[in-house]
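Colleague: Got a structure for you, written out below as structure tokens; questions coming shortly.
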Amino acid sequence: MASTLPDPCPDAQTAPGEGPAPSPRDFGGLETHGIDHIPDSERRGRPRELFSVWAAANVNYLSLVVGGALVLMGLSLWQALAVTVVGNLFWLLTGLLAVPGPAAGAPSEVITRALYGVRGNRVNNAVTGWLISVCYFALNLAAAATAAFSLVARTGLPVNSAVKAVVVVLIAAVTLAISVYGHSAIVRLYMPITLVLTVVFAVLAVAVLRHTDFSYAPHRPLSGDALWATVLAGVALIASGPLSYTTSADFSRYLPRTTSPWAVAGWTALGGFLPGVVVCGLGACAATAVDMNDPQSALQPLLPAWFRPLFLLALVLGTVALNALTAYSAGLALQAVGIRIRRSLSVLVDGTVSVSLTLYALLVSDFLDTVGNVLQLTVVLLGPSTAVYAVDILLRRGRYDGPALTDESPTGRFWYTGGVNWRGALALSAGVAASALCVDTVYTGPAAAALGHVDLALPAGLLVSAAAYALLMRGPGRTGVRVPPRSGRPPGHP
């Protein structure tokens, strides 16, 4: 029995004998599906739709902040731009992780049962799915709120704690409305959002590049271990964005089963990579001219007066688009943990938790420190989980049996031993352990200390978990990986 309840949708009801209910894409109402399987009759769309979904979500204030942080960390402009490109190449992994969506007709939160088993996957979803998503929602909401505070200040209202709380709640309400309506609303809204944000950031690019010091280098350039430590920390900071989307199949699962895997991976990766490089790069360029410790105030002198409020609105809009995806996946993760709750209600629960965390980040702690620490520390979990998932996709050649994945019974194919695929759990644990030994952020692991504070958490976690999973699942006598036929039907079915 699937751990989900359908959302009520009167428009989707059909009388007996009239055939399947229409897809949410047809009537634009609340999405009725949660983590259940999407029938072929409800599959619509083309893979190029994925570009605008990811592009709109990645033209945001947080990317601008992270780009500026690279220069603040002590890198020259060209070093920061190189780090930006390398870090954003991890969108290729996000694209790969979107491939199983059309094949399985299921979200990532269910597909990963193939990796960890039905019960093991509940733990995976609780930590790398729900918890990480809620933290990112809170960070992005805080970023949008800082832009909104500047808009409020322009009206003459006092930006005190009470006003800040109201602003955070209002932005969260708009974001959650998109997430509650679901997949159809996201696909329809994100193309115009992408176009609007492209125009705004084109104007921003002209203003920033006019003031950029392309020969910028810090007074005391980094070298040796200090340079490598900073470069690797910067790559991890950038890569934490694409790595956080181990849920990219959530947004490809409504595509027809016959959709090209290359197209799914390509449009997803391109939609994240291009805006990621451009926006982070603009943040780095701006940091050569102004102090990006306070991007809101620092960027104002670079911009025409008429454009400043439009820029702030665009920052809020871009972050709303990003957080709507995050909240959507967090809602599915909460269902996949095993809680029987409607998808729309699970999204609201996630939003409530995230708003509380956001208010703490804004009113109690230092925002920039919080961003840096959380993004770098999540790599310890996200790198290994991404690697295990990616290797599983390659081993199965992107073919997953959606109906079999929804079977939570002890006789189901993905029950494994006691509901856990111990090989997958072991591979993930090995990667997390290796990453934790090498991390140098909130704390310094023993390997990082021995290497002069060079943080190798990201490559260590990726390589160890990938190698361990590949060996454990493909070794002699292993039967963990079963590749279904191209039709996606279980073996033996007509």
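Yes or no, residue by residue, for (1) open to solvent by 20 Å² or more (accessible area, probe 1.4 Å); (2) out of contact with any Lys or Arg (no Cβ under 7 Å at 6 or more places or on another chain); (3) touching a residue at least 24 places away in the same chain (Cβ under 8 Å):
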{"position": "194", "(1), (2), (3)": "no, yes, yes"}
{"position": "199", "(1), (2), (3)": "yes, yes, no"}
{"position": "202", "(1), (2), (3)": "yes, yes, no"}
{"position": "209", "(1), (2), (3)": "yes, yes, yes"}
{"position": "217", "(1), (2), (3)": "yes, yes, yes"}
{"position": "221", "(1), (2), (3)": "yes, yes, yes"}
{"position": "234", "(1), (2), (3)": "no, yes, yes"}
{"position": "237", "(1), (2), (3)": "no, yes, yes"}
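Colleague: Sticking with this structure for a sec: Determine if region 39-52 includes at least one residue that is of a type in the set (A, V, I, L, M, F, W, C) and under 15 Å from the mean Cα position of the chain (by Cα).
Modeller: So in region 39-52, the residues of a type in the set (A, V, I, L, M, F, W, C) come out as 50-51.
With under 15 Å from the mean Cα position of the chain (by Cα) added as a condition, the list becomes 50-51.
Among the residues of region 39-52, at least one is of a type in the set (A, V, I, L, M, F, W, C) and under 15 Å from the mean Cα position of the chain (by Cα), which makes the answer yes.
Colleague: Considering only residues that are open to solvent by 10 Å² or more (accessible area, probe 1.4 Å) and among the charged types (D, E, K, R), which ones fall in region 239-257?
Modeller: 257
Colleague: Pull out all pairs, ordered by first then second residue, where Cβ-Cβ is under 8 Å, the residues are six or more apart or on different chains, the first lies in region 125-136 and is over 15 Å from residue 248 (Cα atoms), and the second is among the charged types (D, E, K, R) and part of a helix (DSSP H, G or I).
Modeller: 134/350
Colleague: For region 104-150, which residues satisfy the criterion of being open to solvent by less than 20 Å² (accessible area, probe 1.4 Å) and in contact with a strand residue (DSSP E or B) (Cβ under 6 Å, 6 or more places away or on another chain)?
Modeller: If the condition is that a residue be open to solvent by less than 20 Å² (accessible area, probe 1.4 Å) and in contact with a strand residue (DSSP E or B) (Cβ under 6 Å, 6 or more places away or on another chain), then 117, 120 are the ones that fit.
Colleague: Which one is farthest from residue 441 (Cα to Cα) among residues in region 72-82 that are in a helix (DSSP H, G or I) and open to solvent by less than 10 Å² (accessible area, probe 1.4 Å)?
Modeller: The initial filter retains those residues of region 72-82 that are in a helix (DSSP H, G or I), namely 72, 77-82.
So of that shortlist, the ones also open to solvent by less than 10 Å² (accessible area, probe 1.4 Å) come out as 77, 80.
Numbers: 77: 23, 80: 19 Å.
Here the residue is 77.
Colleague: Another question, if that's okay. Determine which member of the set 233, 202 is in a helix (DSSP H, G or I) and within 20 Å of the chain's Cα centre (by Cα). Can you show your working first?
Modeller: Working: 202 fails: within 20 Å of the chain's Cα centre (by Cα).
Going through 233, 202 in turn, just one is in a helix (DSSP H, G or I) and within 20 Å of the chain's Cα centre (by Cα): 233.
Colleague: Separate question: Can you tell me which residue in region 38-66 is farthest from residue 287 (Cα to Cα), limited to those that are open to solvent by 10 Å² or more (accessible area, probe 1.4 Å) and assigned to a loop (DSSP other than H, G, I, E, B)?
Modeller: 39
Colleague: Just wondering, is there one or more residues in region 151-173 that are among the polar types (S, T, N, Q) and buried (at least 17 other Cβ atoms within 10 Å of the Cβ)?
Modeller: no
Colleague: Residue under question is residue 86, and the condition is that it be under 30 Å from residue 217 (Cβ atoms) and buried (at least 24 other Cβ atoms within 10 Å of the Cβ); does it hold? Quick ask: steps written out before the conclusion?
Modeller: On the way: under 30 Å from residue 217 (Cβ atoms): yes; buried (at least 24 other Cβ atoms within 10 Å of the Cβ): no.
Answer is no for this residue.
Colleague: Further question on the same structure: When residue 69 is evaluated against the numbered criteria (1) within 19 Å of the chain's Cα centre (by Cα); (2) part of a helix (DSSP H, G or I); (3) touching a residue at least 40 places away in the same chain (Cβ under 8 Å), which criterion, by number, is the only one it fails?
Modeller: (1)
Colleague: Looking only at region 312-363, which residues are open to solvent by 10 Å² or more (accessible area, probe 1.4 Å), polar (S, T, N, Q), within 17 Å of residue 141 (Cβ to Cβ) and modelled with pLDDT under 85?
Modeller: Listed by number, the list holds a single entry, 356.
Colleague: A further question follows. Being assigned to a loop (DSSP other than H, G, I, E, B), farther than 21 Å from residue 123 by Cα and not small (Gly, Ala, Ser) is the requirement here; does residue 355 meet it? Write out each step before concluding.
Modeller: Details: assigned to a loop (DSSP other than H, G, I, E, B): no; farther than 21 Å from residue 123 by Cα: yes; not small (Gly, Ala, Ser): yes.
Against the criterion (assigned to a loop (DSSP other than H, G, I, E, B), farther than 21 Å from residue 123 by Cα and not small (Gly, Ala, Ser)), residue 355 does not qualify.
Colleague: With the structure loaded, tell me whether residue 276 is over 27 Å from residue 96 (Cα atoms), open to solvent by less than 10 Å² (accessible area, probe 1.4 Å) and either among the basic types (Lys, Arg) or assigned to a helix (DSSP H, G or I) (or both) or whether it fails that test. Outline the logic, then answer.
Modeller: Values: over 27 Å from residue 96 (Cα atoms): no; open to solvent by less than 10 Å² (accessible area, probe 1.4 Å): yes; either among the basic types (Lys, Arg) or assigned to a helix (DSSP H, G or I) (or both): yes.
The answer is no for residue 276.
Colleague: Would you mind finding the one in 298, 269 that is open to solvent by less than 40 Å² (accessible area, probe 1.4 Å) and more than 23 Å from the chain's Cα centre (by Cα)? Outline the logic, then answer.
Modeller: On the way: 269 fails: more than 23 Å from the chain's Cα centre (by Cα).
One residue alone meets the criteria, 298.
The values are calculated or read from the model by the stated rules, or taken from the named source; none is laboratory data. Just so you know, these numbers come straight off a predicted model, no measurement behind them. When we count neighbours, we look across all protein chains shown, and the Cβ atoms used for this are built from the backbone with ideal geometry, even at glycine. Surface accessibility is based on the protein's heavy atoms, side chains included, excluding ligands, DNA and RNA. Shrake-Rupley method; radii C 1.70, N 1.55, O 1.52, S 1.80 Å.
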